[in-house]
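Let me begin by presenting the structure, written as structure tokens, before commenting on it.
All of the numbers you see were taken from the coordinates with simple rules; none came from a lab. The structure presented is a predicted model; accordingly, all values stated were derived computationally and were not measured. Neighbour counts run over all protein chains shown; Cβ positions are idealised from the backbone, glycine included.
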Protein chains: 2
Amino acid sequence: MSGGAGPGGATPEIRIAYPSWVRTRVAWTDVYPGDDERMQLAIALARWNVLEATGGPFGAAVFERASGRLVAVGINLVVPLGNSSLHAEMVAFMMAQARVGSYTLGGKGMPEHELATSCEPCAMCLGATLWSGVRRVICGATRDDALGLEFDEGPVFDASYAYLAERGVEVERGVRRAEAAEVLALYRRRAGVIYNA
Amino acid sequence: MSGGAGPGGATPEIRIAYPSWVRTRVAWTDVYPGDDERMQLAIALARWNVLEATGGPFGAAVFERASGRLVAVGINLVVPLGNSSLHAEMVAFMMAQARVGSYTLGGKGMPEHELATSCEPCAMCLGATLWSGVRRVICGATRDDALGLEFDEGPVFDASYAYLAERGVEVERGVRRAEAAEVLALYRRRAGVIYNA
């Protein structure tokens, strides 16, 4: 085994970039005033990711809560980038933090941020939400919708949501649920890899 | 807002690389036969990260379970890389998957992998463990040790560990606990940023 850098070496560099359609398809300069518009973008990202075959059927976006300004988007990149942690929410948080230049979206003097995600977060993403600094999360499809299509969501309990609430993170569930769940079904029909099965 | 790539643009690229000491200090070609040796490396990584001031007081490593071959290491890089998801375990999983060239460490035909982590995983890392494909986790310091030093661990419950066990992931806790907890205390004495507080 080599101790060197570079492919095959012990100290590789991880690079996470969007597929090219993200730059052109996303309306970066639009304002997304409410839950409906924010969720529509998260769902559109999930659908585009399926149709472009660039990852799993999940999309997310980070907004400035009051202004509706779009800060970052995320899509599931697990299979194309060979990285089981790259769920849509994780990518959205990483990209948002890169844009604001901080490890938190909840720093002093910052506007409040919120996350829209096309499906209720798995255990990893729920934990990551707490560390990200967002103050609010809106979710589309439910855990049951995901489980029904054989996506495991991990150890998430009512107590998990209560834990977030106690720390000042609001969660709104079931926003445009049917439309969000339809993207999961679309992916299933196309027989995508269920990487968490 | 620009839709362009590059710093400040809407589509940045995330790069995750180790600080330079990781390449030289880690005994990459050693074999780590048992829990003690594996945990000693995880704790050493945590301590080096504090002493080099390159992140939080947490270290982790992924091994081939049977052979004791070291596949990847991880250290907390939250503050230096401005990314709240870069806990030691996450970095170890990402680097290990980059090395094996797959989004899972539990693929068919692969040797079994396990994670050693200097502290019990937070909610995010516990979820990530499930998706990573490792079959076993050994932990040093406990959740209580972390909480006592004001590191939040998020919504992790007994049921969370049971969930992993049901899916065939073994967890061994309290390996070299005192030595692992001492690194947390060392960091606290040096008044490091508690980014999850």
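Sequentially through the range A:130-146, phi angles give Karplus couplings (6.51, -1.76, 1.60; θ = phi - 60°) of 4, 7, 6, x, 5, 9, 8, 10, 10, 10, x, 5, 9, 3, 5, 4, 5 Hz, Gly and Pro residues having no value and appearing as x. The HN-Hα couplings worked out from phi for the range B:45-51 by the Karplus form 6.51 cos²θ - 1.76 cosθ + 1.60 (θ = phi - 60°) are 4, 4, 5, 4, 5, 6, 5 Hz, whole numbers, x standing for Gly and Pro. Shape summary of the protein assembly as shown, radius of gyration then Dmax from alpha carbon positions: 19.6, 57 Å. Between amide H atoms placed 1.01 Å from N, distances below 5 Å from A:Ile138 occur with A:Leu115, A:Ala116, A:Thr117, A:Glu172, all of them 5 or more places distant or on a separate chain.
Partner shielding of A:87-93 amounts to 2, given as the average count of beta-carbon atoms from other chains within 10 Å of each residue beta-carbon.
Shape analysis of the range A:31-187 places it in the rounded category; the axes a ≥ b ≥ c from the Cα gyration tensor give an a/c below 1.5. Using C-alpha pairs below 8 Å separated by at least 6 residues, the relative contact order for chain B is 18 percent. Using a ≥ b ≥ c from the Cα gyration tensor of the range A:49-142 (square roots of the eigenvalues), is it rounded, prolate or oblate, where a/c under 1.5 gives rounded and otherwise the larger of a/b and b/c decides, a/b for prolate? It comes out prolate by the Cα gyration axes.
One Cα centroid belongs to the range A:147-167, the other to the range A:95-134; the line between them spans 17 Å.
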